[in-house]
Amino acid sequence: MTNLGKMMKQAQEMQGKMSEMQAALEKAECTGQSGGGLVSVTLNGKGNMKSLKIDPSLFNGDDAEMVEDLIVAAFNDGKRKTEEYSQNEMAKITGGMQLPEGFKLPF
């Protein structure tokens, strides 16, 4: 029974660390860029957009579609960086524990 008690204690510790990580993700920032830096998007660690910057030179023409594509590309770059950051932080908490494929934390 001591093994079960030890496992429960470890689970509680991991749950506490998960809560801390969730709070840290809210504060973390990842910036994605496109168009050689003409468009940049800043996301928090949970993937919510915090800011968008567009170089004024993009507004000299009538090509709104290009600007839209650059915004999407910058967001996708930022989202990828956010996911990498989140995975790295999760690995720190789980100590490299291998989770089943498709199993994602937090629940």
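Laboratory data are not the source of any read-out in this text; all were calculated from the coordinates shown. No experiment lies behind these values; they were computed from the predicted model shown. Positions of Cβ are generated from backbone atoms using ideal geometry, with glycine treated the same way; all protein chains shown enter the neighbour counts.
Between helix 2-27 and the chain there is an angle of about 20 degrees, using the helix long axis and the longest principal axis of the Cα atoms. Cα-Cα over 20 Å: which of LYS53/LYS81; LYS50/LYS79; LYS53/LYS79; LYS17/LYS81? Over 20 Å Cα-Cα: LYS17/LYS81. In segment 29-90, taking the dipole from charged Cβ atoms about the Cα centre, the farthest positive-side position among VAL67, GLY36, GLY78 is held by GLY78. I want the local charge near LEU43. Using Cβ-Cβ distances under 11 Å, sum +1 for each Lys or Arg and -1 for each Asp or Glu among the other residues. Net local charge, LEU43 excluded: +2. Extension gain for the segment THR31 to ILE93, taken as residue separation times 0.36 nm less the Cα-Cα distance, is 19.9 nm to one decimal. Here the spin labels are modelled as points 7 Å beyond Cα on the Cα-Cβ line, and at LEU52 and GLU84 they lie 2.4 nm apart. Counted residue by residue at 0.36 nm each, then reduced by the alpha carbon distance between them, the extension gain from MET14 to GLU68 reaches 15.3 nm.
Karplus-derived 3J(HN,Hα) values for segment 71-88, using 6.51 cos²θ - 1.76 cosθ + 1.60 with θ = phi - 60°, are 5, 4, 5, 5, 5, 4, 5, x, 5, 4, 5, 5, 5, 4, 4, 4, 5, 5 Hz; glycine and proline are entered as x.
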